[in-house]
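This report refers to the structure that appears directly beneath it.
The values are calculated or read from the model by the stated rules, or taken from the named source; none is laboratory data. Given the structure is predicted, the values throughout are model-derived calculations rather than measurements. Every residue, glycine as well, gets a Cβ built from its backbone with ideal geometry; the counts of neighbours run over all protein chains shown.
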């Protein structure tokens, strides 16, 4: 299915030079995609999607700006700063003394900008830790919430423990949970995804 091809890639709809993993960091994008894909993908495709989210913890944007709005604001900031090339961007990053810079957008959210790996997508962005409109969550929590929403026609909040453990088994490396009420983060993310 064509919709599945970019699960582990950056959001190709964004203007260059922005590279953003919307499936990993953006609530609004995920909600929109889940509406389009629910019931139309195999369990194998769900696993491939979730594998692309990675492990550990991540910063998850829950604000009103859509990925294109975020990218456009960053491109506008670069225009004002006269950052028009890969070399300009590298110089700007280097002047910080770090390997990244942070900028604040119109909604008060703060974004980390790093050097990307692709020649025409060299501005890798993600929400800053503990920024406005951002949650810090475990990747396994996001994977479980996405898989639940994609695999089951309806998901109760709190979800059914058997369903949770079924999708965690589908995701291969996630162990079962013993009790659903101890999974407050999962309940919170499911509530966001199903608003």
Is one or more of the residues making up segment 1-12 closer than 19 Å to residue 144 by Cβ, free of Cβ contacts under 8 Å to residues at least 40 places away in the same chain and either touching a strand residue (DSSP E or B) at 6+ places or on another chain (Cβ under 9 Å) or assigned to a helix (DSSP H, G or I) (or both)? no
What are the residues in segment 134-144 that are in contact (Cβ under 8 Å) with a residue 60 or more places away in the chain and either in contact with a helix residue (DSSP H, G or I) (Cβ under 7 Å, 6 or more places away or on another chain) or in a strand (DSSP E or B) (or both), if any? 134, 135, 136, 137, 138, 139, 142, 143
Is it fair to say residue 65 is surrounded by 15 or more Cβ atoms within 10 Å (Cβ to Cβ), in a strand (DSSP E or B) and touching a helix residue (DSSP H, G or I) at 6+ places or on another chain (Cβ under 9 Å)? no
Residue count, segment 78-89, condition surrounded by 16 or more Cβ atoms within 10 Å (Cβ to Cβ) and part of a helix (DSSP H, G or I), comes to 2
Index of the failed condition, residue 110 passing every other in (1) without any contact (Cβ under 8 Å) to a residue 40 or more places away in the chain; (2) within 23 Å of residue 174 (Cβ to Cβ): (2)
Criterion: under 15 Å from the mean Cα position of the chain (by Cα) and more than 30 Å from residue 176 (Cα to Cα) - qualifying residue of 79, 56, 106, 131: 131
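Matching residues to (1) in contact with a strand residue (DSSP E or B) (Cβ under 9 Å, 6 or more places away or on another chain); (2) surrounded by 15 or more Cβ atoms within 10 Å (Cβ to Cβ); (3) farther than 30 Å from residue 97 by Cβ; (4) touching a residue at least 24 places away in the same chain (Cβ under 8 Å):
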residue: 146; (1), (2), (3), (4): no, yes, yes, yes
residue: 157; (1), (2), (3), (4): no, no, yes, yes
residue: 161; (1), (2), (3), (4): no, yes, yes, no
residue: 175; (1), (2), (3), (4): no, no, yes, no
residue: 185; (1), (2), (3), (4): yes, yes, yes, yes
residue: 193; (1), (2), (3), (4): no, yes, yes, yes
Restricting segment 95-111 to residues that are assigned to a strand (DSSP E or B) and in contact with a helix residue (DSSP H, G or I) (Cβ under 8 Å, 6 or more places away or on another chain), which is surrounded by the most Cβ atoms within 10 Å (Cβ to Cβ)? 111
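Yes or no, residue by residue, for (1) under 21 Å from residue 47 (Cα atoms); (2) in a strand (DSSP E or B); (3) at pLDDT below 95:
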site: 113; (1), (2), (3): no, yes, no
site: 125; (1), (2), (3): no, yes, no
site: 131; (1), (2), (3): no, no, no
site: 149; (1), (2), (3): yes, no, yes
site: 174; (1), (2), (3): yes, no, yes
site: 181; (1), (2), (3): no, no, yes
site: 185; (1), (2), (3): yes, no, yes
Look through 23, 92 and report the one residue that is touching a residue at least 12 places away in the same chain (Cβ under 8 Å), surrounded by 15 or more Cβ atoms within 10 Å (Cβ to Cβ), in a helix (DSSP H, G or I) and in contact with a helix residue (DSSP H, G or I) (Cβ under 9 Å, 6 or more places away or on another chain). 23
Which condition from (1) in contact (Cβ under 8 Å) with a residue 40 or more places away in the chain; (2) farther than 18 Å from residue 62 by Cβ; (3) crowded, with 17+ Cβ neighbours inside 10 Å is the one that residue 131 breaks? (2)
